[in-house]
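Reading through the structure tokens given below for one structure.
The values are calculated or read from the model by the stated rules, or taken from the named source; none is laboratory data. Note that the structure is a prediction, hence the values are computed from the model and not measured. Positions of Cβ are backbone-derived with ideal geometry, glycine not excepted, and every protein chain shown enters the neighbour counts. Ligands, DNA and RNA are excluded from the accessible area calculation, which covers all protein heavy atoms including side chains. Shrake-Rupley method; radii C 1.70, N 1.55, O 1.52, S 1.80 Å.
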Amino acid sequence: MKELACQFGTTQHSLVGVVTEPGSIDPDKPTFVFINAGLLNKIGPHRLYVLMARELAKLGFVSLRFDLSCIGDSSDGDLADKTLEERKMSDIKTAMDYMASTRSSKQFVLSGLCSGAEDSFRAGVSDERVTGMYLIDANAYETAKSKVRFSIYRPFRKALKSLGWYTKRTYMSSESESAGIDFLESLPLEESEQNLQKLLDRKVDVKYVFTGGVYHNYNYKDQLYDMYESIEKTDLIEVETYPNMGHLPLLIDDKNTLVNSLVS
């Protein structure tokens, strides 16, 4: 396995990343690209992306984890006059172009957590080189059932707290809800549903992972099909839920769970 720092970009090589690759590269295998989770840099939350990239290399996959413009080691380059959304989509396309030219990558799997999942989702719709996605705490929308489940959960949590038996780690971590963060509905439901159908029409494999940190938005495994009523059940979609895991996995067991989820 090798890890190589790199710089790339249209004119100023403003984007900075790390390529992790096995001893020999098979260009027919998809290349994984990890997208920043919020303002966290390319190592991912608590070095999650590093662990994932190294495990993928053991299995013969090349990966790139890089910083979007104005995050981590990357500057704004020549895209300062673009909107945030235009800049992110341009950066992700540039990253795939770089891997195509330097590693002969033909297909890509985009991966990210939170905003990284949303950015991966948006970019994948518009680039046919994307054949797979691994999305942690991606766009989620409440349903009648999820509202009922959460309304039951909240008093149960209060009861556990009163008995001294509750911690975020041991039962339904919900730090995003308690902090009043509403980051999962930035993409309108109708647009999200249409985009997912476009991906499925292209036979893109999409794996969703939802943690307990977003339990107020997503709290049962088949909620995806209730959210997206026009989406038919398909083997192209896989959903995993980890209600006892926090949104930003800190414990090594949680990180290993996500690494194993990615490579399985």
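Brief remarks follow.
- Gaussian network model of the chain, springs between alpha carbon atoms under 10 Å - residue of Ile252, Ile35, Ile237 with greatest fluctuation: Ile252
- Selection from Ser186, Ile152, Leu200 lying farthest towards where the dipole of the chain points positive, charges on Cβ: Ile152
- Shape analysis of the stretch 213-264 places it in the oblate category; the axes a ≥ b ≥ c from the Cα gyration tensor give an a/c of at least 1.5, with a/b not above b/c.
- Which of Ser115, Ala100, Ser90, positive extreme of dipole for the stretch 75-134 (C-beta unit charges): Ala100
- For the stretch 251-260, Karplus couplings with θ = phi - 60° (6.51, -1.76, 1.60), whole Hz, Gly/Pro x: 6, 4, 5, 5, 5, 5, 4, 5, 4, 5
- Among Thr211, Thr234, Thr94, the largest mean-square fluctuation in a Gaussian network model of the chain (Cα springs under 10 Å) belongs to Thr234.
- Surface share of carbon and sulfur [accessible, 1.4 angstrom probe, percent] for the chain: 52 percent
- Considering only alpha-carbon pairs that sit under 8 angstrom and 6 or more positions apart, the relative contact order computed for the chain is 18 percent.
- Degrees between helix 115-126 axis and first principal axis of the chain (Cα, 0 to 90, nearest 10): 60 degrees
- GNM on the chain, alpha-carbon springs under 10 angstrom: the most fluctuating residue among Glu238, Glu229, Glu142 is Glu229.
- Dipole magnitude of the chain about its Cα centre (Cβ charges: Lys, Arg +1; Asp, Glu -1), debye to nearest 20: 960 debye
- Relative contact order, percent, the stretch 182-264 [alpha-carbon distance under 8 Å, six or more residues apart]: 34 percent
- Placing +1 on each Lys and Arg Cβ and -1 on each Asp and Glu Cβ, with no other charges, gives the stretch 66-120 a dipole about its Cα centre of roughly 340 debye.
- Solvent-accessible area per residue for the stretch 1-144 (1.4 angstrom probe, square angstrom): 39 Å²
- What the phi angles of the stretch 53-68 give under the Karplus curve with 6.51, -1.76 and 1.60, with θ = phi - 60°, is a coupling list of 4, 6, 5, 4, 4, 4, 9, x, 9, 8, 9, 10, 10, 9, 9, 5 Hz, glycine and proline written as x.
- The lysines within cross-link reach of Lys203, meaning a Cα-to-Cα straight distance under 18 Å and a gap of 8 or more places when in the same chain, are Lys29, Lys106, Lys233.
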